[in-house]
1. What FRET efficiency, computed as 1/(1 + (r/R0)^6) with R0 = 30 Å and r the Cβ-Cβ distance, is obtained for ARG10 and ARG50, rounded to the nearest 0.05?
2. Only helical DSSP H runs with n ≥ 4 go in: add -39500 (n - 2.57) per run for the chain, normalise by residue count and round the 222 nm mean residue ellipticity to 500 deg cm²/dmol.
3. Taking every pair of alpha-carbon atoms in the chain, what share in percent sits in each 10 Å bin, from 0 to the bin with the longest distance?
4. Counting only residues 5 or more places away or on other chains, whose amide H sits under 5 Å from the amide H of HIS88 once H atoms are built in the peptide plane?
5. Pop out the ³J(HN,Hα) list for segment 39-46 in order, Karplus 6.51 cos²θ - 1.76 cosθ + 1.60 with θ = phi - 60°, rounded to Hz; leave Gly and Pro as x.
6. Tell me the net charge near PRO85. Cut-off is 14 Å between Cβ atoms, PRO85 excluded, with +1 for each Lys or Arg and -1 for each Asp or Glu.
7. Once amide H atoms are built 1.01 Å from N in the peptide plane, which residues 5 or more positions from LYS41, or in another chain, come under 5 Å H to H?
8. For segment 10-69, just the Cα set please: Rg and Dmax, both in angstrom.
Amino acid sequence: MTVVFSEIQRVMKAGGKYMLITYGNPLIRMPWLKTLPTPWKSIILHVFPRPGSPKALKPSPRDILEPVYMLEDLTLGPQFNLDDPDWHYIYICTKGFFSYRS
């Protein structure tokens, strides 16, 4: 995965955005996104319910377009069960102005 993210960084210009849509929760994805060869300027996380899931069919108390803030331990607080397969995680990564060569 480090090679993949290094290549993504290589072809992006500074300030460019990379969007990763996955079932992988922050405990799994953030270590890969924060590796040394890929110094993202910022990583913003959005969480969406899987279309057709019970979560998607009932109203949510939060605006679905608002980013979700990760806690220090990479969890998302009590409203999100990271083992629940009905969540899609969308990571929006912005490339910084400097990058490291491996």
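1. Efficiency, from the Cβ-Cβ distance: 0.40.
2. On the way: 3 runs with 22 residues, N = 102.
It lands at -5500 deg cm²/dmol.
3. 14, 45, 28, 12, 1
4. Counting only residues 5 or more places away or on other chains, the set is PHE48, ARG50.
5. Values, residue by residue: x, 5, 5, 8, 10, 10, 10, 10 Hz.
6. Values: positive: ARG50, LYS55; negative: ASP83, ASP84, ASP86.
Value of the local net charge: -1.
7. Excluding prolines and chain starts, which carry no amide H, the hits are THR94, LYS95, GLY96.
8. 14.3, 41
A short reminder: the numbers here are calculations on the coordinates, not readings from a lab. Given the structure is predicted, the values throughout are model-derived calculations rather than measurements. Glycine also receives a Cβ, built like all others from the backbone with ideal geometry; neighbour counts cover every protein chain displayed.
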